[in-house]
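Inspection log for the structure reproduced underneath, given as structure tokens.
The values are calculated or read from the model by the stated rules, or taken from the named source; none is laboratory data. Treat the numbers as computed from the prediction; the structure is a model and nothing was measured. No Cβ is skipped: glycine too gets one built from the backbone with ideal geometry, and neighbour counts run over all protein chains shown.
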């Protein structure tokens, strides 16, 4: 299956399917002698682990990584580094009904056509977001190399979610997630999101009103300046 190998000097091979035995990555091009263990990779995997909020998949996976090759006595050997996490929370029964009914906005039909029906359709197979765990593993190694060799650090965060943005007097992640905690079913989730949208609108109107008051002086026209201005004449 083409399209699973990335890079030239730092080569990443992604493997695994959503409902297979596991997913992971093989990284070729890691120099020998780099201190590396699962502790370098696990924190990034913990950030992407599913089931941590209601706005992500509710699949419960521990995503505990294991380095299978390429590391000896705590240092890389120069051989390819293979990393893997197991798939534990797997229930493929619901996907049997979708086998011959491709879902909109998914890669079901694309993969079935491209691979002649031999693709693993369970949980979207290779098209599942589960596969991105391998990229996170490879990225953790790349981040460590960049920091050690070039002093480059990678920092990423969410700036906006569902129209809620940082810097408007509200921390959107906490508010967004708190508003959805305990919601039962799609109907209640939709209702809470609607209420959240109303809160956002009120906040926007409040900010707009504050700005307008600052510009216009609270809606009143500023009094004209009656002071006489004198030209600046240098003293002799």
> Is one or more of the residues making up region 90-108 within 24 Å of the chain's Cα centre (by Cα), part of a helix (DSSP H, G or I) and either in the same structural domain as residue 45 (by TED's automatic domain parsing) or over 14 Å from residue 44 (Cα atoms) (or both)?
Replying inline: yes
> Residues in region 122-139: is at least one assigned to a loop (DSSP other than H, G, I, E, B), within 18 Å of residue 29 (Cβ to Cβ), in contact with a strand residue (DSSP E or B) (Cβ under 6 Å, 6 or more places away or on another chain) and assigned by TED's automatic domain parsing to the domain that holds residue 35?
Replying inline: no
> From the list 12, 30, 23, which one is part of a loop (DSSP other than H, G, I, E, B) and either at pLDDT 90 or above or over 17 Å from residue 143 (Cα atoms) (or both)?
Replying inline: 30
> Just one of the numbered conditions (1) touching a helix residue (DSSP H, G or I) at 6+ places or on another chain (Cβ under 8 Å); (2) without any contact (Cβ under 8 Å) to a residue 12 or more places away in the chain; (3) closer than 18 Å to residue 18 by Cα is not true of residue 65; which one?
Replying inline: (2)
>> For region 109-121, which positions are within 15 Å of residue 17 (Cα to Cα) and assigned to a helix (DSSP H, G or I)?
In response: 111, 112
> Does residue 68 count as at pLDDT below 85, farther than 28 Å from residue 158 by Cβ and surrounded by fewer than 15 Cβ atoms within 10 Å (Cβ to Cβ)?
Replying inline: no
